[in-house]
Every structure is written in structure tokens, then in C-alpha cells.
1. Identify all residues within the stretch 9-29 that are surrounded by 22 or more Cβ atoms within 10 Å (Cβ to Cβ) and either away from the ligand (no atom under 15 Å from the Cβ) or outside any loop (DSSP other than H, G, I, E, B) (or both); write none if there are none.
2. Is it the case that the stretch 86-98 has a residue that's without any contact (Cβ under 8 Å) to a residue 40 or more places away in the chain, under 26 Å from Arg305 (Cβ atoms) and surrounded by 22 or more Cβ atoms within 10 Å (Cβ to Cβ)?
3. Could we say that Gly220 is within 11 Å of the ligand (Cβ to nearest atom), buried (at least 20 other Cβ atoms within 10 Å of the Cβ), within 18 Å of the chain's Cα centre (by Cα) and modelled with pLDDT of 95 or more here?
4. From the set of residues in the stretch 36-65 that are β-branched (Val, Ile, Thr) and in a helix (DSSP H, G or I), which is farthest from the ligand (Cβ to nearest atom)?
5. Does Ala156 fit the bill of being away from the ligand (no atom under 14 Å from the Cβ) and over 19 Å from Ile39 (Cβ atoms)?
6. Which one of these is at pLDDT 95 or above, in contact with a strand residue (DSSP E or B) (Cβ under 9 Å, 6 or more places away or on another chain), closer than 27 Å to Cys101 by Cα and away from the ligand (no atom under 16 Å from the Cβ): Ile196, Ile169?
Amino acid sequence: MKIGSVDLASPFVVAPMAGMTDTAFRRLVKRHGGCGLVITEMVSSEGLVRGIDRTLEYAEYTEEERPVSIQIFGGDPEKMADAAQIVEGMGADIVDVNMGCPVPKIAKHNAGCSLMREPEHAAAVIGAMAKAVRIPVTVKMRAGWNDRARNAPELARMVQDAGAAAVTIHGRTAEQSYTGVADWDLVARVAETLTIPVLGSGDCVEPQHVVDRMRSGVEGVLVGRGVLRNPWILAQAADLAAGRAPRVVTLQERGRFLLDYIELLVNERVNEADGFRHTAPARPPSDGAQPRAIGRERWVINKIRALTSWYSKGLDAGSHLRVHVNAADSLRELHEIIDEFFLRADVVHA
Ligand SMILES: Cc1cc2nc3c(=O)[nH]c(=O)nc-3n(C[C@H](O)[C@H](O)[C@H](O)COP(=O)(O)O)c2cc1C
């Protein structure tokens with residue numbers, strides 16, 4: 001499938017997840033196969049334009065992840081167009097607009113899902129961005145703001161007319177947040193009426209769900225929480241789609257994934273080759289290329305804790321793993337816990 005001029009080798013996509021889908025995680029998922037596109041965590045358009053260090057980190061990606069979509073949020077057409085130009089300048093393949101975030105901190109700034117409450121304005125944002133850049137501008141929205149305003153079908157058409165190259169629908173309303181179930185009938189209705197590619201998102205936690213949802217008429221499926229539980233889900237879905245049995249992932253491989261993730265996080269920005277990492281311009285000039293040694297171990301521990309809260313779901317004695325990881329205070333301890341839980345064949349999970 002194609003988004004604008006960008007070819008995706010697979011229709012299965014890593015959904016954007018704030019705090020979770022950093023560049024290291026995306027690289028690892030990509031290495032396991034089946035993944036046609038990765039999308040960054042949402043990045044503030046304001047922060048990009050002002051060159052705020054923290055924001056710029058969220059936008060970073062590496063060559064290995066291509067094709068890459070950088071997701072931005074904001075409600076001001078001019079700033080969103082400026083931010084889109086920065087994203088284009090970073091060499092990203094696609095710029096995606098967040099119209100789905102229900103968190104009040106974002107929504108109150110006329111951004112995220114609150115854009116769905118002002119469809120004309122939302123379309124103006126997309127129009128301004130599409131005029132400002134040559135890369136495809138895409139939109140990720142929800143079914144609507146609440147049950148009385150499920151306006152994704154109308155808004156999707158409006159952003160298509162304004163120049164969007166693809167639309168993703170997460171079939172829940174902002175009011176639902178993550179409760180209830182995603183409405184894939186609504187996703188299918190949008191897919192039927194638009195001429196640009198429509199992708200769907202919501203509740204694909206098994207490889208078979210991903211393959212089944214492709215039958216709703218969408219051109220692609222985004223997988224969020226399912227990837228956090230099982231980073232092989234896209235590869236397994238690709239196996240199923242090709243008529244093969246889904247690959248079996250051993251407990252050892254699951255442990256190896258966590259160790260690889262730790263290693264990538266620890267070595268982020270350390271001795272990297274020129275051109276490996278793509279960063280946005282910082283202001284004032286910062287030492288963006290240098291590793292930040294202080295606090296790095298703590299940062300990595302927190303990242304592993306956050307991932308483990310999802311990764312341990314469905315595992316035998318997963319709660320046991322969570323408790324131990326949450327109590328770990330050093331990388332050495334984390335290594336020991338992972339080693340014991342996943343890598344020692346004689347382990348008893350009780
Ligand atoms: C922890 C977390 C963070 C998320 N952050 C974002 C985000 O930054 N941008 C976005 O468009 N959606 C975000 N989402 C929504 C997901 O991309 C996805 O649409 C939603 O979780 C439904 O798909 P799933 O059932 O496969 O998880 C987030 C979801 C989760 C669970």
C-alpha cells in the first residue's frame with residue numbers, strides 16, 4: 001500500500017504511543033519483521049517550533065526505522081505548518097496529525113481530539129500543512145468526541161478534501177478513552193467512502209485480529225497495546241497473511257528482547273555514526289549529539305518498568321515479574337530479574 005508517494009512493504013503499523021514507542025523500541029519491533037510503518041510518539045508542534053530539547057527527543061528517529069511518520073499535535077494552523085516543515089527538514093517520510101488524544105492537558109489547547117469538535121478548523125490545519133510541505137500529511141482521529149458526536153466520517157472527508165494523504169480511525173470516542181470496544185463498523189464505513197487510504201486502530205491484541213480487521217476494507221491496521229504485550233505481533237500477522245503458521249516466540253526470546261531494549265536505551269546517542277540519528281534543530285544550540293550520562297540509568301529503569309507493565313500481561317507469573325521489576329533500583333538488578341525469569345530454563349514462576 002502507498003501513502004502519497006511512500007510505499008509501505010506491509011500494511012501493519014506500530015501505533016503511536018506516548019512514553020512507549022521511542023526510537024529504540026520501534027527499531028526492535030522493526031527488526032522482527034512484518035512492520036510497514038512506525039509512527040513516533042506525539043510531539044508538540046509548539047515545542048518543535050521553539051526547539052525545546054525534550055520535545056525534540058520525542059521526534060528523533062533512526063535510518064533503520066524507515067519509513068517513519070512523525071506525529072505532531074497542536075491547534076494553530078500556522079504553527080502546525082511550521083512544525084510540518086521542521087519534520088520534513090528532518091527527513092521524515094510522513095507527518096501525522098494527532099486528532100485523537102483525549103487527555104485534557106492536550107485537548108484544552110485546541111489540539112488532539114478537541115480538533116474533532118471544530119471540523120472546519122481541523123480541516124484548515126490540514127490545509128495549511130499540506131500547502132507547506134511535499135511529504136504526505138496524514139491524520140489520526142477517533143470516532144468522535146462522544147456518542148452524540150461521532151463525526152469521523154464527515155471529518156475524514158473534510159481532511160481528505162483539505163489535502164490529507166491518509167486517515168487512521170481509532171474507533172472509540174474521546175469520552176470513552178480506552179473503555180468499551182473500538183467500533184470497526186464505523187472504520188469500515190469511512191474506508192468505503194474515502195478515496196485516500198484509511199487505516200484502522202483498536203483492540204488488535206492477537207495476530208489473527210490484525211489479519212481479520214484487514215477484511216473490513218481498510219488498507220492498513222495500527223497495533224498499539226498489542227505490540228507492547230507482544231512485539232512480534234506484526235511479524236506473526238504477516239505470517240498468517242502469507243498463509244504460514246505464526247512464528248513461535250520462546251520465553252528466552254522474550255527475555256532477549258528486554259535485554260536488547262535496555263542495551264539500545266543505554267547506548268542512545270553514544271558513538272553513533274553520522275547520519276544514523278535524525279534530529280530536529282534545537283534552540284538554543286544544545287549538545288544534542290552527546291549522551292546525557294546523568295540520570296540515564298534511572299531513565300532506562302523507568303522505561304523498562306513502563307514496558308513491563310504491558311509486556312508481562314498474559315505471561316505465567318507476569319504479576320510476579322512486574323513486582324520485581326518495579327522494585328529494581330539498578331540495571332544490574334534488572335538484568336538479574338530478566339535473566340532469572342526468562343532465560344533460565346529451570347525457572348519456576350511461582
Ligand atoms: C500508552 C498509550 C499511549 C498512546 N499515545 C498515543 C499518541 O501519542 N498518539 C496517538 O495518536 N495515539 C496514541 N495512543 C492510541 C493508540 O495509538 C491506539 O490508537 C489505541 O491504543 C487503540 O489501539 P490498540 O487497541 O491497538 O492499543 C496511545 C495509546 C496508549 C495505550
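The values are calculated or read from the model by the stated rules, or taken from the named source; none is laboratory data. Model, not experiment: these values are computed from the prediction. Ideal geometry is used to build each Cβ from the backbone, glycine not excepted, and the neighbour counts take in all protein chains shown.
1. Matches in the stretch 9-29: Phe12, Val13, Val14, Thr23, Phe25, Arg26, Val29.
2. Checked against the condition, which is being without any contact (Cβ under 8 Å) to a residue 40 or more places away in the chain, under 26 Å from Arg305 (Cβ atoms) and surrounded by 22 or more Cβ atoms within 10 Å (Cβ to Cβ), the stretch 86-98 yields no hits at all.
3. no
4. Restricting to residues being β-branched (Val, Ile, Thr) and in a helix (DSSP H, G or I), the top hit is Val49.
5. Taking the combined requirement at face value, the residue does not satisfy it.
6. Working: Ile169 fails: away from the ligand (no atom under 16 Å from the Cβ).
One residue alone meets the criteria, Ile196.
Rundown of residues vs (1) among the hydrophobic types (A, V, I, L, M, F, W, C); (2) without any contact (Cβ under 8 Å) to a residue 24 or more places away in the chain; (3) more than 16 Å from the ligand (Cβ to nearest atom), yes/no style:
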site: Leu228; (1), (2), (3): yes, no, no
site: Ile233; (1), (2), (3): yes, no, no
site: Asp239; (1), (2), (3): no, no, yes
site: Phe257; (1), (2), (3): yes, no, yes
